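The values are calculated or read from the model by the stated rules, or taken from the named source; none is laboratory data. For clarity, every value in this text was computed on a predicted model and none was experimentally measured. Ideal geometry is used to build each Cβ from the backbone, glycine not excepted, and the neighbour counts take in all protein chains shown. The area values use the complete protein model at the heavy-atom level, side chains included, leaving out ligands, DNA and RNA. Shrake-Rupley method; radii C 1.70, N 1.55, O 1.52, S 1.80 Å.
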Amino acid sequence: MGPADPERSAAQLTVVGLGYVGLPLAVRAAEAGFTVTGLDTDEQRTKQLSSGSSYVEDVPDARLLTALNSGRLQMCANYQEVAGFDICVITVPTPLRDGAPDLRCVEDAGRSIAPLITPASTVILESTTYPGTTEDVLVPLLEAGSGLIAGMDFHVGYSPERIDPGNAEWTLETTPKVVSGIDDRSLQAVKSFYDQIVARTVPVSSTRTAELTKLLENTFRQVNIALINELAMCARPLGVNIWEAIDAAATKPFGFMPFWPGPGVGGHCLPIDPSYLSWEVRRRLQYDVRFVSLANEINERMPEHVVDRVEKGLSRPLAGTTVLVLGLAYKKNTGDVRESPAVALTQVLARRGARVRAVEPHADLRLISDDVLCVELTEDEVRSADAVVVATDHDSFDYDMVEKHAAYLFDARNRCRGAVADCL
Ligand SMILES: NC(=O)c1ccc[n+]([C@@H]2O[C@H](COP(=O)([O-])OP(=O)(O)OC[C@H]3O[C@@H](n4cnc5c(N)ncnc54)[C@H](O)[C@@H]3O)[C@@H](O)[C@H]2O)c1
């Protein structure tokens, strides 16, 4: 047994979990010449994808269809159909449950693929998780279910995903990818796979290092956003516009990196990943990573703070007012409403008695709560609202029209940058 042969471009790849991470990887691998089976336990998803309809904005239908029509990509919902894979990449969710890592999807996927592992194959975990998961959680499941020995009979590695939904410049292909293995041969197998998928791989010495690398990246971001959010809350009473101060600081060519305030953090990463890190550190070292708890506390307070500012700006209680919220996704130009601070903001508004109407052109409206009526962005909607709040600054919104017709405009993203809007 040796490392995967880079020449073997017809290798059978299975991608387990076809979401924001798994689907782009499956399509990219098919384009790179692999024979790919995308597996998802959600049969509705696999049926939709098989018909050429994508639910991930970074994978347009045309690209999905080309991959399907090439004959190198197929979808399935049954593990038996992927028996005999050469490489299997696991990209399933790793949420929190009661504040603790919930690895049930990783464990289910591990248990399901274990009996299908053949000698010399490679299993790679991409799901974000705490250091030690690959070696302490996944490997025992794979060995128990396969009767084989990891490292000796098959390869195992971890490679964190850095996908940034909506980012056209830094894509799966162009973003350097950290790769690791449980031993040298596993590392070579993992590296030679991703060398065919992305422009640059970055090998590290252990799966634990690769797991921590991902948590470091996201904790760095979560903490810096919290710092700026806290400063934003203090700057205005001090008579300073925080955005102007950040712009000025960002002219320093070294030692400073700009982060921007907003209504909080959302998505599958920033509100969750740092807690994976602090949970593991607390469990193993009985040590509290205070930066993480503090950053969570500050970021979680932001929706309430934005609503306080809107109430102050209106100079009246919110009860009985109509508030139009622009954008519900956690990030601009995407439809991802998971953990979205914009959704939290609508809930605070509703709790204070406001009639909440919201515009979210990118998301499935059924995902939004009962308290919020989803509407189109029209002049009438803007005119009839007591306040308009920019929560997520999608490029598709007509900001000129909003500025012109809003009775009161609060811009939590400072997109308008005009004299008309109040901002953080
Ligand atoms: N979304 C991002 O921007 C992003 C970026 C980097 C890393 N990650 C990490 O990647 C992982 C996946 O995230 P995502 O955003 O792609 O999740 P997602 O919810 O978009 O997709 C996950 C998919 O896995 C499927 N699934 C769940 N359990 C399964 C099982 N046992 N077998 C087969 N399929 C199963 C679900 O049906 C779903 O379609 C997470 O650990 C996340 O933290 C996400």
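Computed values, structure above
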| quantity | calculated |
| --- | --- |
| Computed lengthening from ASP398 to ARG200, 0.36 nm per intervening residue step minus Cα-Cα distance | 67.4 nm |
| Cα-centre dipole for the chain with unit charges at Cβ (Lys and Arg positive, Asp and Glu negative), debye to 20 | 660 |
| Directionally averaged projected area (convex hull, Cα atoms, the range 278-332), nm² | 5.9 |
| Backbone HN-Hα couplings from phi across the range 71-85 [Karplus 6.51/-1.76/1.60, Hz, Gly and Pro as x] | x, 9, 9, 9, 10, 8, 10, 10, 4, 4, 6, 10, 4, x, 5 |
| Accessible-area ranking of TRP279, TRP243, largest first, probe 1.4 Å | TRP279, TRP243 |
| In sequence order, calculated HN-Hα J values of the range 184-192 (Karplus, 6.51, -1.76, 1.60; Hz; x Gly/Pro) | 4, 5, 5, 4, 4, 5, 5, 5, 5 |
| Charge dipole magnitude, Cβ of K and R +1, D and E -1 - the range 243-423, Cα centre, debye nearest 20 | 600 |
| C-alpha center-to-center spacing [the range 310-333, the range 109-126] in angstrom | 48 |
| Fraction of accessible area attributable to carbon and sulfur, the range 50-193 (%, probe 1.4 Å) | 51 |
| Rounded, prolate or oblate (a/c below 1.5 giving rounded, otherwise prolate when a/b exceeds b/c) for the range 12-205 by Cα gyration tensor | rounded |
| Cα gyration tensor category, rounded, prolate or oblate, for the range 243-423 with a/c compared to 1.5 | prolate |
| Rounded percent of accessible protein surface that carbon and sulfur make up, the range 215-302, 1.4 Å probe | 63 |
| Nearest-10 value in Å² for the accessible area of THR118, using the 1.4 Å probe | 50 |
| Electrostatic dipole magnitude of the range 12-205 [Cβ: Lys, Arg +1; Asp, Glu -1; Cα centre; debye, to 20] | 300 |
| Equivalent-ellipsoid semi-axes of the chain, from the Cα gyration tensor, Å, largest first | 42, 24, 19 |
| Gain upon complete extension [THR171, CYS234; 0.36 nm per residue less C-alpha separation] | 19.1 nm |
| Surface per residue (accessible, 1.4 Å probe) for the range 243-423, Å² | 48 |
| Helix-derived mean residue ellipticity, 222 nm - over the chain, DSSP H n ≥ 4, -39500 (n - 2.57), to 500 | -11500 deg cm²/dmol |
| Residues with amide H under 5 Å from that of VAL89, placed H, sequence gap 5 or more | THR14, VAL15, VAL16, ILE124 |
| Lysines whose Cα lies under 23 Å from that of LYS191, excluding same-chain neighbours fewer than 8 positions away | LYS177, LYS214 |
| Selected from ALA168, SER315, THR91, residue furthest toward positive end of dipole (the chain; charges at beta carbon) | SER315 |
| ³J(HN,Hα) computed for each position of the range 100-115 - Karplus, 6.51 cos²θ - 1.76 cosθ + 1.60, integer Hz, glycine/proline x | 10, x, 10, 9, 4, 5, 5, 5, 4, 5, x, 4, 6, 7, 3, x |
| Sequence-distant residues sharing a close amide H with THR322 (under 5 Å, placed H) | ARG355, ASP386, ALA387 |
| Among VAL123, LEU39, THR207 the positive-end extreme of the charge dipole of the chain (Cβ point charges) | THR207 |
